[in-house]
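Visitor: Below is the structure I would like to discuss, written out as structure tokens.
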Amino acid sequence: MESTHVAALQAKHHGLEQRLRDEMNRPAPDNVAIQAIKKQKLQIKQEIAAN
């Protein structure tokens, strides 16, 4: 069960990475959105490391 949870977190982290890349490649990136995505990624990374 733990590995399923970790796999789900990794998938979510990957999705956030894609959103971050998409946002940064826009002609006028939204810095607030970028910071929010980075914060979510960090929280997920910490949760993965805790498991």
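Readers should treat all values here as calculations from the given coordinates under stated rules, not as data from a laboratory. Predicted, not measured: the structure shown is a model, and the values here were computed from it. All Cβ positions, glycine included, derive from the backbone under ideal geometry; neighbour counts span all protein chains shown.
Visitor: Note the direction-averaged projected area, equal to a quarter of the hull surface, for the Cα convex hull of the chain, in nm².
Guide: Hull-based average projected area comes out at 3.1 nm².
Visitor: Could you run the Karplus curve 6.51 cos²θ - 1.76 cosθ + 1.60 with θ = phi - 60° over the range 3-8 and give me ³J(HN,Hα) per residue in whole Hz, x for Gly and Pro?
Guide: These are the phi-based 3J(HN,Hα) values: 5, 5, 5, 5, 4, 5 Hz.
Visitor: Something else: Using the beta-carbon distance between His5 and Lys38 and R0 = 22 Å, what value does 1/(1 + (r/R0)^6) give for FRET efficiency, to the nearest 0.05?
Guide: In this case the efficiency is close to 0.50.
Visitor: Please report, in debye to the nearest 20, how large the charge dipole of the chain is about its Cα centre when each Lys and Arg carries +1 at its beta carbon and each Asp and Glu carries -1 there.
Guide: Roughly 120 debye, rounded to the nearest 20.
Visitor: Among Ala11, Ala28, Ile48, whose Cα projects farthest towards the positive end of the dipole of the chain, with charges put on the beta-carbon of Lys, Arg (+1) and Asp, Glu (-1)?
Guide: The residue sitting most towards the positive pole is Ala28.
Visitor: On a 0 to 90 degree scale, rounded to 10, what angle separates helix 31-50 from the longest Cα axis of the chain?
Guide: For helix 31-50, the angle is close to 10 degrees.
Visitor: Neighbouring Cβ atoms within 10 Å as the yardstick, rank Leu42, Leu9 fewest first.
Guide: Ranking Leu42, Leu9 by Cβ neighbours within 10 Å, fewest first, gives Leu42, Leu9.
Visitor: Right, something else. Rounded to the nearest 500 deg cm²/dmol, what is the calculated helix-only ellipticity per residue at 222 nm for the chain, with -39500 (n - 2.57) per DSSP H run of length n ≥ 4?
Guide: Calculated mean residue ellipticity at 222 nm is -29500 deg cm²/dmol.
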